[in-house]
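Contents: one structure, followed by commentary.
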Amino acid sequence: MKKGFNPTNYGNTCIFEASLFKNAGGVIHGFTTRTGGVSAKPYDSLNLAFHVGDSPEAVIENRKRVCHILGAEIDNMVTAKQVHGTNVAVIEEGHFGLGAYSYDTSVPDTDGLVTDRPGLLLATFYADCVPVFIYDPVKKVAATVHAGWKGTLARIGAAALNKMAAVFGCDPSDCLVGIGPSIGPCCYEVDAAVIGLFRREFPGLDILNNTGEDKARLNLWEANRNIMAEAGIRPDNVELAEICTCCHQNLFFSYRGGQGQTGRMGAFIMLTEVPA
Ligand SMILES: [Zn+2]
């Protein structure tokens with residue numbers, strides 16, 4: 001497989017996968033696109049989130065289609081009520097199926113999911129925000145992390161690595177990281193307040209490109225790459241998709257592009273059973 005994130009077509013559904021994760025083995029992962037589902041406009045067609053106003057039946061059918069492609073069971077899916085915070089939840093046997101069939105049962109107030117349990121499908125949802133995949137092939141621990149501008153500013157990727165170290169003894173220098181398709185520095189214009197916050201938090205990092213008075217384009221990809229590097233991830237162990245969801249709205253849902261009314265893609269990760 002070519003280095004970086006590569007698209008694979010499964011029938012009408014296109015899923016992006018990072019070569020580092022594919023080659024490592026022991027894990028199944030993917031970032032979905034908007035193709036190959038049953039949802040009507042503006043959620044056409046592979047919307048995977050309940051909370052955006054789509055028909056729940058369509059969302060369940062779309063989730064089943066993705067599970068089928070990944071070789072996972074929808075009953076073993078776990079999702080979160082994402083709030084642009086920094087909470088990272090450790091998911092265990094008793095949590096299997098939380099949020100799989102309804103938003104109400106999702107893990108509350110959480111933007112990162114971590115597990116060491118094989119067969120459990122972690123899922124977080126996106127329309128422009130940055131999906132960060134983490135996999136420790138030594139300790140066999142996987143995570144998916146939702147990083148919008150607030151989560152990036154609060155270093156949620158590092159928070160997930162800290163949780164993995166504290167609970168499972170993971171060493172960041174063993175971990176692989178994938179930074180998936182999301183809004184790019186080509187499109188992500190922010191205002192003076194956000195510019196000020198990022199200048200303070202990441203002094204010296206070249207992530208803001210002035211576009212006018214009190215406006216700049218923010219590079220969330222580079223910010224997250226930097227956060228993971230500072231947290232101990234080796235440079236060779238990070239892959240960036242560098243694909244902008246706002247530039248490619250035929251393939252991706254984009255919150256900005258859709259003026260807020262759109263579906264959500266999924267970042268999925270699941271440890272596979274280790275043969276005895
Ligand atoms: Zn763009």
## Note on the structure
For region 69-82, in residue order, the Karplus 3J(HN,Hα) values (coefficients 6.51, -1.76, 1.60; θ = phi - 60°; whole Hz; Gly and Pro = x) are 5, 7, x, 10, 9, 4, 5, 9, 7, 10, 10, 10, 7, 7
### Query
What percent does the relative contact order of region 5-271 come to when contacts are Cα pairs within less than 8 Å and at least six residues apart?
24 percent
### Query
How big is the Rg/Rh ratio for the chain, C-alpha atoms only, Rh by Kirkwood, two decimals?
0.94
## Note on the structure
As straight-line cross-link partners of residue 3, the qualifying lysines (C-alpha separation under 18 Å, not fewer than 8 residues apart within one chain) are 22
### Task
State to the nearest 20 debye the size of the charge dipole of region 1-116 about its Cα centre, where the only charges are +1 on K and R beta carbons and -1 on D and E beta carbons.
640 debye
### Query
Hey, which of these cross-link pairs are over 25 Å Cα-Cα: 2/150; 2/41; 41/64?
2/150; 2/41
### Query
Taking only the alpha-carbon atoms of region 88-150, what semi-axes of the equivalent ellipsoid follow from 5 times the gyration tensor eigenvalues under a square root, in whole Å, largest first?
18, 17, 9
### Query
What dipole magnitude, in Debye to the nearest 20, does region 5-271 give about its Cα centre under +1 on Lys/Arg Cβ and -1 on Asp/Glu Cβ?
160 debye
### Query
When the accessible area of region 234-276 is split by element with a 1.4 Å probe, what percent falls to carbon and sulfur?
49 percent
## Note on the structure
Once phi for every residue in region 16-28 is put through the Karplus expression 6.51 cos²θ - 1.76 cosθ + 1.60 (θ = phi - 60°), the whole-Hz ³J(HN,Hα) values, with Gly and Pro written as x, are 8, 10, 8, 5, 4, 6, 4, 6, 5, x, x, 8, 10
### Summary
The long-range amide H neighbours of residue 141, using H built 1.01 Å from N in the peptide plane and a cut-off of under 5 Å, are 136
### Task
Would you compute, from DSSP H runs of 4+ residues alone, the mean residue ellipticity of the chain at 222 nm, taking -39500 (n - 2.57) per run and dividing by the full residue count, rounded to the nearest 500?
-6500 deg cm²/dmol
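The values are calculated or read from the model by the stated rules, or taken from the named source; none is laboratory data. Only a predicted model underlies this, so the values are computations on that prediction, with no experimental measurement involved. Here Cβ is always computed from backbone atoms with ideal geometry, including for glycine, and neighbour counts include all displayed protein chains. Protein only, heavy atoms only, side chains kept; ligands, DNA and RNA dropped before computing areas. Shrake-Rupley method; radii C 1.70, N 1.55, O 1.52, S 1.80 Å.
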